[in-house]
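Please treat every number below as a calculation from the coordinates, not as lab data. Everything quoted here is computed from the prediction, not taken from an experiment. Glycine gets a Cβ as well: all are built from the backbone with ideal geometry, and neighbour counts include every protein chain shown.
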Amino acid sequence: MRAKVQTNETPTLTEAAAAELAGLRERVDALVREHLTPAIDGAGERAEAAQAALRAQADGLAERVREQPFVALGAAAVVGIAIGALMRR
């Protein structure tokens with residue numbers, strides 16, 4: 001068998017690949033911290049705002065139904081008839 005002799009002056013291919021991989025990992029981590037983390041935080045804030053807006057609209061709708069139950073019943077009937085007519089086609 002032949003033994004490969006290497007000098008300590010030149011890095012091996014494995015060492016070079018490991019160093020390049022470490023550099024790439026650092027770049028990916030920096031990009032994630034710079035771009036992805038703020039985007040995720042912003043999405044969470046927007047989702048909370050949308051949830052609050054939907055809850056407020058649902059509360060408003062519930063209040064209108066309590067104030068005018070016959071109007072709500074009529075609207076539900078119209079929607080049901082429209083859906084039934086569309087499903088028959």
Projecting the Cα atoms of A47, M87, V65 onto the charge dipole of the chain, where Lys and Arg contribute +1 and Asp and Glu -1 at Cβ, the residue farthest towards the positive end is M87
Quarter of Cα convex hull surface for the range 13-88, i.e. mean projection, nm²:
10.4
Let me know the charge dipole size of the range 13-88 about its Cα centre in debye, to the nearest 20, where only the beta-carbon of Lys, Arg (+1) and Asp, Glu (-1) is charged.
600
Per residue Cα convex hull volume for the range 43-84, in cubic angstrom?
64
